[in-house]
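See structure below.
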Amino acid sequence: MINLSGVKDMGSVQVWTKVIKFAALAFMATKGLFFISTANFTPGNVSGESAINAIGGGMAIALRSSCSCPSPSVASGCGQKPALAP
């Protein structure tokens with residue numbers, strides 16, 4: 001129904017739903033702060049390596065995951081054809 005009423009009304013509905021979603025998220029996050037127990041957290045580096053090696057490993061995983069995202073679209077031919085280097 002809101003789509004039939006026009007772009008201006010759709011924009012105001014989107015703004016209000018964003019405000020409601022953010023308010024609910026902020027409320028639950030604030031409420032959740034009172035229930036945090038440090039006993040539930042394990043050490044961040046459980047690999048036994050130094051912190052620098054653990055951070056490097058995490059960076060390598062993040063780089064691999066960000067670089068492999070366009071691979072399916074390139075294989076299917078949906079992506080643009082890059083210019084070949086001479």
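Every number in this text was worked out from the coordinates using simple rules, so none of it is lab data. Since this is a predicted model, take the numbers as computed values, not measurements. Because the Cβ atoms are built from the backbone with ideal geometry, glycine has one as well, and the counts that use them run over all protein chains shown.
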Practice task
Express in nm, to one decimal, how much length is gained between Leu25 and Val46 on full extension, taking 0.36 nm for each residue of separation and deducting their alpha carbon distance.
Solution key: 4.5 nm
Fill in the blank from the handout: The Cα extents of segment 1-49 along the principal axes, largest first and rounded to whole Å, are 59, 28, 13
Handout entry: Inter-label distance, nm, simple model (7 Å from Cα along the C-beta direction), Ala60/Met10
Key = 4.7 nm
Completion exercise
Residue span Thr17 to Ile36: 0.36 nm per residue of separation minus Cα-Cα distance leaves a gain in nm of 4.0 nm
